[in-house]
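Take a look at the structure set out below.
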Amino acid sequence: MGAPVSCPSVCAERVGSQEAPADTCAVIVAGGSGERFGDPRGKQFVELCGLPLMCWSVMAFDRAPSVARIVVVCAPERAAEVEKDVLSRMTLTKPVVLAPSGATRQDSVRSGLEAVPRGLELVAVHDAARPLIEVEQIEAACTAVRADRALAGAILATRSVDTLKLVEGTTIIATPDRSFYWAAQTPQVFRTAKLVAAHRSAVRDEYQGTDDASLVERLGGRVCVVESTRDNIKVTLPEDLALAEAALERRLIG
Ligand code: CTP
Ligand code: MG
């Protein structure tokens, strides 16, 4: 098993600087049914600090200097609601288009990619269910990809803090070296052509991955990790909402 590819470190002063080229299309996937969360409205629509949860990630990408455009992927039958209750509640500076979601997250990303205009070098795929994403983190991932021609992409991830066990049934088979393990988050930023090719290949091979990087990796594309914070949680279970609210309030007040 290979170690994660280390990235050139991103100089803090340059992150979010006006020098970043606006060469990135954000694809924010918000087409899931939120079964584990359990709210009939869908977790992306529940209120978080006064706005529908998905507003927070859309605003972060809107503010990121690298981002030229935003594609929001949502269930087609909820498109009018997204326009009225989400997009029109924010003052956005970047063009936003909607794309119809699919049966799986991977299908939704593929649909979103179809709405990415030609000519944008990078695409940043993000879960709408991660409202705590910050502009600096988006910029760090974009900067990492731009900095190395050999990279197909860069993903936000955190180092594993727990000791990991490989378990079969309830029996521990192995205790792998934790230092090799990172937990993947979004955004995951790729050269657009590489991610489009990876999704096409996945359709051909009927491959379902659990994230976008895995589709690129299976074609031999090099993807690096950019160290993120544990704040950038994915709201998955009902209790996650209180955690997200507390973290966002701290940020808004602080
Ligand atoms: N997503 C999507 N289209 C799907 C499934 C998921 O756009 N067919 C999006 C979700 O809206 C979410 C992100 O992918 O922003 C991550 O997925 P997840 O956290 O699994 O959300 P859900 O699939 O909605 O939740 P669950 O798995 O509990 O049903
Ligand atoms: Mg899901």
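What the table below lists for this structure:
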read-out	value
Full-extension gain in nm, Ala79 to Arg36, via 0.36 nm per residue minus C-alpha separation	13.2 nm
Calculated from backbone phi, Karplus (6.51, -1.76, 1.60) coupling profile of region 49-54 in Hz, x at Gly/Pro	6, x, 9, x, 3, 6
Rounded to 5, percent antiparallel among DSSP beta bridges of the chain	40
Student exercise, the chain dipole from Lys, Arg, Asp, Glu Cβ charges, in Debye to nearest 20	480
Interchain or long-range residues, amide H under 5 Å from Leu48's placed H	Leu53
Selection from Ala150, Val71, Ala174, by position along the positive dipole direction of region 57-188 (Cβ)	Ala150
Sequence of Thr143, Thr175 from largest to smallest accessible area, 1.4 Å probe	Thr175, Thr143
222 nm mean residue ellipticity, helices alone, for the chain (DSSP H n ≥ 4; -39,500 (n - 2.57); rounded to 500)	-8500 deg cm²/dmol
Which of Leu248, Val235, Ala193, positive extreme of dipole for region 184-254 (C-beta unit charges)	Ala193
Alpha-carbon Debye profile of the chain, log10 I(q)/I(0) at 0.11, 0.14, 0.16 Å⁻¹	-0.58, -0.96, -1.26
Amide hydrogen neighbours beyond the local backbone of Tyr181, cut-off 5 Å, H modeled	Ser160
Distant-in-sequence amide H partners of Cys224 (H built 1.01 Å from N, under 5 Å)	Gly153, Ala154, Ile155
Solvent-accessible surface (1.4 angstrom probe) belonging to Val196, in square angstrom, nearest 10	40
Contact order relative to length of the chain, as percent, for alpha carbon pairs under 8 angstrom and 6 or more apart	24
Heavy atoms of Leu252 accessible to a 1.4 Å probe, total area in Å² rounded to 10	100
Counting DSSP beta bridges with both ends in region 68-213, the antiparallel % (nearest 5)	70
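The values are calculated or read from the model by the stated rules, or taken from the named source; none is laboratory data. Fair warning: this is a prediction, and the values are worked out from it, not measured in the lab. Please note: Cβ atoms are built from the backbone with ideal geometry, for glycine as well, and neighbour counts cover all protein chains shown. Heads up: the accessible areas ignore ligands, DNA and RNA and are worked out on the full protein's heavy atoms, side chains in. Shrake-Rupley method; radii C 1.70, N 1.55, O 1.52, S 1.80 Å.
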